[in-house]
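Novice: The following block contains the structure, expressed as structure tokens.
The values are calculated or read from the model by the stated rules, or taken from the named source; none is laboratory data. Computed from a prediction, not measured in an experiment: that's the story for all the values here. No Cβ is skipped: glycine too gets one built from the backbone with ideal geometry, and neighbour counts run over all protein chains shown. Protein only, heavy atoms only, side chains kept; ligands, DNA and RNA dropped before computing areas. Shrake-Rupley method; radii C 1.70, N 1.55, O 1.52, S 1.80 Å.
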Amino acid sequence: MLRKRVCAVVDKVFLDAKVEIDYLVGTMIELPRACLTGDQVAKHADFFSFGTNDLTQTTFGFSRDDAARFLPGYVEKELLPRNPFVALDQEGVGALIRIGVEKGRREKPKLKVGICGEHGGEPSSVRFCHREKFDYVSCSPFRVPIARVSAAIAAIEDQ
């Protein structure tokens, strides 16, 4: 039902504009519940784009604005291995992403998946996406070279 409503609006806009464009319907996944119900979400989507910054924030219960004051101390005291807003927390946030992808692809085997945000240009996060068989990573333009090199290294290491 949701997908039909979205497609009806898009088709009307294209008809009014007298254009025809192939498109996919997808969603940002930024909340733990969306990961846990990935099978239900996939019924309406062609792709999942995991918004890792917001997913990190909601998983940890940290406000990014406030976290800068205390996260360095957490890392220094080894309560966290790295700042989870810099490098994807593969144990916690990564586990939620895996659940979302697994459930989503069980419902829709050709579901495209990826991440967006600054994690998309961080080497260990890109390697995580490669290992998990993601279709893409998205990041800000200045991080694209790092993402491309990281993806190449991950592909070479995978051989």
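Novice: Can you tell which of Arg106, Arg148 is free of Cβ contacts under 8 Å to residues at least 60 places away in the same chain and more than 16 Å from the chain's Cα centre (by Cα)?
Specialist: Within the list Arg106, Arg148, the selection yields Arg148.
Novice: What are the pairs, 6+ residues apart or on separate chains, where a residue within the stretch 14-25 that is over 17 Å from Ala45 (Cα atoms) and open to solvent by less than 100 Å² (accessible area, probe 1.4 Å) has its Cβ under 7 Å from a residue that is acidic (Asp, Glu) and outside any helix (DSSP H, G or I)?
Specialist: Pairs found: Phe14/Glu20.
Novice: Yes or no: the stretch 49-67 includes at least one residue that is open to solvent by less than 70 Å² (accessible area, probe 1.4 Å), at positive phi and within 21 Å of the chain's Cα centre (by Cα).
Specialist: Checked the stretch 49-67: at least one residue is open to solvent by less than 70 Å² (accessible area, probe 1.4 Å), at positive phi and within 21 Å of the chain's Cα centre (by Cα).
Novice: Taking the condition of being surrounded by fewer than 21 Cβ atoms within 10 Å (Cβ to Cβ), among the hydrophobic types (A, V, I, L, M, F, W, C) and either within 23 Å of Glu157 (Cβ to Cβ) or out of contact with any helix residue (DSSP H, G or I) (no Cβ under 9 Å at 6 or more places or on another chain) (or both), how many residues in the stretch 95-133 meet it?
Specialist: Summing the residues that are surrounded by fewer than 21 Cβ atoms within 10 Å (Cβ to Cβ), among the hydrophobic types (A, V, I, L, M, F, W, C) and either within 23 Å of Glu157 (Cβ to Cβ) or out of contact with any helix residue (DSSP H, G or I) (no Cβ under 9 Å at 6 or more places or on another chain) (or both) in the stretch 95-133 gives 1.
Novice: Tally up the residues in the stretch 134-159 that are open to solvent by less than 90 Å² (accessible area, probe 1.4 Å), farther than 24 Å from Ile99 by Cα and part of a loop (DSSP other than H, G, I, E, B), please.
Specialist: Going through the stretch 134-159 one residue at a time, the tally reaches 1.
Novice: Determine which single condition Leu79 fails, assuming it passes every other condition in (1) open to solvent by 30 Å² or more (accessible area, probe 1.4 Å); (2) farther than 19 Å from Gly120 by Cβ; (3) part of a helix (DSSP H, G or I).
Specialist: Result: Leu79 fails condition (3) only.
Novice: Out of Pro32, Pro81, I need the residue that is without any contact (Cβ under 8 Å) to a residue 12 or more places away in the chain and either over 19 Å from Val137 (Cβ atoms) or among the hydroxyl-bearing types (Ser, Thr, Tyr) (or both). Which one?
Specialist: Exactly one residue qualifies, and that residue is Pro81.
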